[in-house]
Number of protein chains: 2
Amino acid sequence: MARWEGNTRGRLERAALDLFTHQGYDRTTVAQIAQRANLTERSFYRWFTDKREVLFAGDELERCVLSAIEEVPAGTAALPTLIRAFAAVPTVIRPRDFLLERAAVIAANPPLQERELVKLASLAEALVAALERRGCDERTARLATDVGCAVLRSATRQWIADDRADFVELLTSAHADLLAVAATTDR
Amino acid sequence: MARWEGNTRGRLERAALDLFTHQGYDRTTVAQIAQRANLTERSFYRWFTDKREVLFAGDELERCVLSAIEEVPAGTAALPTLIRAFAAVPTVIRPRDFLLERAAVIAANPPLQERELVKLASLAEALVAALERRGCDERTARLATDVGCAVLRSATRQWIADDRADFVELLTSAHADLLAVAATTDR
């Protein structure tokens with residue numbers, strides 16, 4: 001069992017995903033999730049505000065990236081700041097089989113799709129604010145965040161296809177590919 | 001009155017926005033929106049599936065961009081295809097004062113924020129599919145769509161700040177700025 005699956009939160013995530021997959025998201029209650037994880041409902045609510053939140057690990061990804069940004073030397077440009085910080089993402093990312101099963105459940109349930117979009121939008125807003133706190137103007141912060149999130153999504157997609165790959169290398173090659181795509185102009 | 005405000009759909013949009021702004025989104029019913037627009041509830045449902053949808057003009061933006069993509073010559077690279085197609089956006093965009101009021105209502109109501117994110121995600125998926133139909137591989141299609149949507153968002157933001165600006169010029173300068181941000185590498 002992976003380390004994260006041994007802790008309380010990981011057990012709740014695993015239990016929820018199993019129930020969502022096998023009996024459906026709509027028919028699963030918080031009580032059932034807690035019971036399957038051998039925990040109380042109270043433990044559930046210590047970690048997650050509601051049933052939708054359990055597949056999104058609260059604000060773990062956001063906190064991870066924001067604290068990694070603080071480690072990047074002042075004066076680093078906007079996009080390199082984000083890409084360096086994204087190198088910390090593997091410390092919070094779930095195993096590939098969990099992510100694949102999770103993606104299938106999300107794809108099948110519009111309320112979960114909406115929550116995923118809200119989480120990503122909230123992450124993007126937090127990144128824009130973090131870059132602005134580092135002295136970046138808003139327009140550059142937004143463009144760098146859009147580009148950075150595209151790089152992160154692309155690298156994560158590759159990583160789900162092959163989780164033995166090195167995440168930093170995936171970020172680097174996604175950045176190079178994005179740059180090639182962005183630089184194509186009309187003939 | 002702008003042309004779009006004279007038609008049935010425009011009247012419903014205007015009426016809904018007025019009610020959402022002045023009495024609140026939660027307290028507004030479809031019946032009230034229809035009444036304020038001097039139309040029947042049946043007319044409302046001919047245009048919109050529900051109350052949330054009224055601020056998002058159905059799939060108008062998506063249809064507009066997809067049909068503009070079809071006009072772009074085959075063989076044009078992915079991102080230039082999108083940017084050329086986005087030049088058609090001003091034909092469906094609402095006036096600046098409507099957009100500003102609309103943005104305030106959306107910002108104040110999480111269900112509307114979610115719907116906006118869902119619409120943008122659906123637009124992005126449609127663009128990826130359109131690029132793939134033109135022979136683009138999936139990875140390039142996704143990167144070009146992410147970059148293209150970032151350019152569109154940036155240009156739209158500038159346009160809301162000054163709607164006398166030329167939208168194609170805003171797209172061009174947003175693309176140039178994005179490229180500059182994306183090309184910055186670590187020292």
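With Kirkwood's inverse mean 1/r over C-alpha pairs for Rh, give me the Rg to Rh ratio of the range A:3-54, two decimals please.
Details: Rg = 9.7 Å, Rh = 10.6 Å.
Result: Rg/Rh = 0.92.
Mind grabbing the base-10 log of I(q)/I(0) for the protein assembly as shown at q = 0.08, 0.13 Å⁻¹? Debye formula, identical points on the C-alpha positions, no solvent, two decimal places.
Log10 of I(q)/I(0), two decimals: -0.47, -1.20.
Separation between the A:V92 and A:A129 pseudo-spin-labels, each 7 Å from Cα along Cα→Cβ, expressed in nm?
1.4
If one takes the longest principal axis of the Cα atoms in chain B, at what angle in degrees, from 0 to 90 and to the nearest 10, does the Cα axis of helix B:167-183 lie?
Helix B:167-183 sits roughly 50 degrees off the main axis of chain B.
When the Karplus curve 6.51 cos²θ - 1.76 cosθ + 1.60 is applied with θ = phi - 60°, which whole-Hz ³J(HN,Hα) does each residue of the range B:145-157 get, with x for Gly and Pro?
Rounded to whole hertz, the list is 5, 4, 5, x, 5, 5, 5, 4, 4, 5, 5, 5, 4.
Per residue Cα convex hull volume for the range B:39-110, in cubic angstrom?
Numbers: hull volume 9.4 nm³, N = 72.
So the per-residue hull volume is 131 Å³.
Shape of the range B:50-154 from its Cα gyration tensor (a ≥ b ≥ c, root eigenvalues): rounded if a/c is under 1.5, otherwise prolate when a/b > b/c, or oblate? Please list the in-between numbers first.
On the way: a/c = 2.31, a/b = 1.85, b/c = 1.25.
It is prolate, given that a/c is not under 1.5 and a/b is the larger ratio.
Could you give the nm distance between label points at B:E138 and A:S173, where each point is 7 Å from its Cα heading toward the beta carbon?
For the pair B:E138/A:S173, the computed spacing is 1.6 nm.
Which three lengths, in whole Å and largest first, does chain A cover when its Cα atoms are put on their principal axes?
On the principal axes, chain A reaches 56, 36, 29 Å in Cα extent.
Values quoted throughout were computed directly from the atomic coordinates according to the rules given, and no laboratory measurement underlies them. All of these numbers come straight from a predicted model, not from anything done at the bench. With ideal geometry, Cβ positions are generated from the backbone for all residues, glycine too; neighbour counts draw on all protein chains shown.
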